[in-house]
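J.: I'd like to ask some things about the structure below.
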Amino acid sequence: MLVLDIVTLFPSMFFGPLDAGVLGRARKNGHVAIRLHDLRRWGIGRQRQVDDTPYGGGGGMVLRPEPLFAAVEWIRTTYPAGRERVILLSPQGRKLRHEGARELAALERVILLCGRYEGVDERVREGLADEEMSIGDLVLTGGELPAMMVADAVARFIPGVLGQSGAAEKESFADGLLESPYYTRPVEFRGLRVPDVLMSGDHRAIARWRAGQAREATRSKRPDLLDRDGSVTRRTGAERREE
Ligand code: 4GX
């Protein structure tokens, strides 16, 4: 079982999203455990202060290092774990990808640190976080929604979390291509018909059609996933652009 320990100033943000659907069921069935830790608990002084103004000026507020270090140390003493990783959610981090989520799913425990305001004291990066992770090139108001995305994406890779049909390995990105289109009943809807091949019962023809559609969908919607010759190699967009 994978355990996610999430350190946040807003634990209540997590209450709804982690209870519903596949992730909610995975938690109920014991495939994944999520523990929420209110950073305020390790706040400093009577006010339980967690943030302060940055040295050198510049405005805004920054999370102080002591509460974050104390939180992680408390988690480690209270719930010892073997293979673990401490991840700071931030737009400066390595982009969260399919393969990265798969790697995290193999760990015993992941500690997710959710920053707020302008960010965190640099010593959190230097001495506490193993890794900085981003969910994309956009700026949010805190690391909580990114942490939920990590939790959701990682849970899908834990054996038993997805049913048979939804095996994480046969999905978009598993083979580096987008998925081919899906159709269900009715056969005709507002003049738009389900492609005949899907109702032909010819499984080889269907597989061939799907492969062609996946390639075409990738070429038109996400050409960045393909090499110049149209082939797929497992590299990141950044690695591809370097060439
Ligand atoms: N992918 N944000 C974090 C504050 C912050 C900044 C630096 C730690 C270090 C984001 C993203 C994101 C906004 C969450 C800034 N905390 N996080 N926050 N994109 O935009 O993960």
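The values are calculated or read from the model by the stated rules, or taken from the named source; none is laboratory data. Every value quoted in this text rests on a predicted model; they were computed, and no experiment measured them. Note: ideal-geometry Cβ built from the backbone for every residue, glycine included; neighbour counts use all protein chains shown.
J.: Could you give me the residue pairs with C-beta distances under 7 Å whose first residue belongs to segment 60-87 and is surrounded by fewer than 17 Cβ atoms within 10 Å (Cβ to Cβ), whose second residue is hydroxyl-bearing (S, T, Y) wherever it lies, and which are 6+ apart or on separate chains?
T.: Qualifying pairs under 7 Å: G60/Y117; M61/T53; M61/Y117.
J.: Is it true that G56 is on the phi > 0 side of the Ramachandran plot and either at pLDDT below 95 or surrounded by fewer than 20 Cβ atoms within 10 Å (Cβ to Cβ) (or both)?
T.: Working: on the phi > 0 side of the Ramachandran plot: yes; either at pLDDT below 95 or surrounded by fewer than 20 Cβ atoms within 10 Å (Cβ to Cβ) (or both): yes.
Judged against the criteria, G56 is a match.
J.: Oh, and also: Just the residues that are surrounded by 17 or more Cβ atoms within 10 Å (Cβ to Cβ) and farther than 21 Å from A70 by Cα, please, taken from segment 1-10.
T.: Hit for segment 1-10 is L2, nothing else.
J.: Considering only segment 53-69, state which residues are more than 15 Å from the ligand (Cβ to nearest atom) and part of a helix (DSSP H, G or I).
T.: Matches in segment 53-69: E66 only.
J.: Could you grab the pairs with beta carbons closer than 6 Å, sequence gap of 6+ or different chains, first residue in segment 11-28 and surrounded by 10 or more Cβ atoms within 10 Å (Cβ to Cβ), second one among the small types (G, A, S)?
T.: L23/A155; A26/A155
J.: Among F173, F157, which is the only one that is without any contact (Cβ under 8 Å) to a residue 60 or more places away in the chain and under 15 Å from the mean Cα position of the chain (by Cα)? Walk me through how you get there before you give the answer.
T.: Values: F173 fails: without any contact (Cβ under 8 Å) to a residue 60 or more places away in the chain.
One residue alone meets the criteria, F157.
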